[in-house]
Amino acid sequence: MKLHHSLLFIGAAGLSYQLFKNRKNISLSAKETGQSIFKIKENSQNISHNLTTIQEQLNLIQDLGQDIRYKVQILEKEAQARLHTIQDIWSD
């Protein structure tokens, strides 16, 4: 039992030494990770905002498309009526 505790103590001491030895690298890595997480959250918010803007613009474009299709139909009917009028004039 003492040997088991001694080995655990030695392992814990070795691990503690390695952590102390590399504390600057670990601290820097933790800071970089924190900054990366902040940037990811910020980018996610920007993407969400951009998607909302795109959806709004898409709705506007669809409305404009419907309006243009309606106006094209009206112009086609007017052009057809004028064409018939011209054909009637030329055929008389």
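What tally of residues in segment 16-31 results from selecting those that are open to solvent by less than 100 Å² (accessible area, probe 1.4 Å) and either under 30 Å from the mean Cα position of the chain (by Cα) or among the aromatic types (Phe, Trp, Tyr) (or both)?
Here is the first cut: in segment 16-31, the ones open to solvent by less than 100 Å² (accessible area, probe 1.4 Å) are 16, 18-19, 22, 26-30.
Still in the running and either under 30 Å from the mean Cα position of the chain (by Cα) or among the aromatic types (Phe, Trp, Tyr) (or both): 28-30.
Qualifying residue count for the region: 3.
In a helix (DSSP H, G or I), over 25 Å from the mean Cα position of the chain (by Cα) and exposed (fewer than 10 other Cβ atoms within 10 Å of the Cβ), is that true of residue 89?
On the way: in a helix (DSSP H, G or I): yes; over 25 Å from the mean Cα position of the chain (by Cα): yes; exposed (fewer than 10 other Cβ atoms within 10 Å of the Cβ): yes.
Taking the combined requirement at face value, the residue satisfies it.
For segment 30-41, check the following and say yes or no: at least one residue is over 30 Å from residue 19 (Cβ atoms) and free of Cβ contacts under 8 Å to residues at least 40 places away in the same chain. No - not one qualifying residue is present in segment 30-41. For beta carbons closer than 7 Å, sequence separation of 6+ or different chains, a first residue in segment 4-16 that is part of a helix (DSSP H, G or I) and a second that is among the hydroxyl-bearing types (Ser, Thr, Tyr), there are no qualifying pairs. Note on segment 52-85: residues that are open to solvent by 90 Å² or more (accessible area, probe 1.4 Å) and β-branched (Val, Ile, Thr) amount to 3.
Only one of 74, 54, 47, 40 is assigned to a helix (DSSP H, G or I) and over 12 Å from the mean Cα position of the chain (by Cα); which?
Working: 54 fails: over 12 Å from the mean Cα position of the chain (by Cα); 47 fails: over 12 Å from the mean Cα position of the chain (by Cα); 40 fails: over 12 Å from the mean Cα position of the chain (by Cα).
Only one candidate passes the filter, namely 74.
The values are calculated or read from the model by the stated rules, or taken from the named source; none is laboratory data. It should be emphasised that the depicted structure is a prediction, and the values quoted were computed from it without experimental measurement. Every residue, glycine as well, gets a Cβ built from its backbone with ideal geometry; the counts of neighbours run over all protein chains shown. Only protein heavy atoms, including side chains, enter the accessible area calculation; ligands, DNA and RNA are left aside. Shrake-Rupley method; radii C 1.70, N 1.55, O 1.52, S 1.80 Å.
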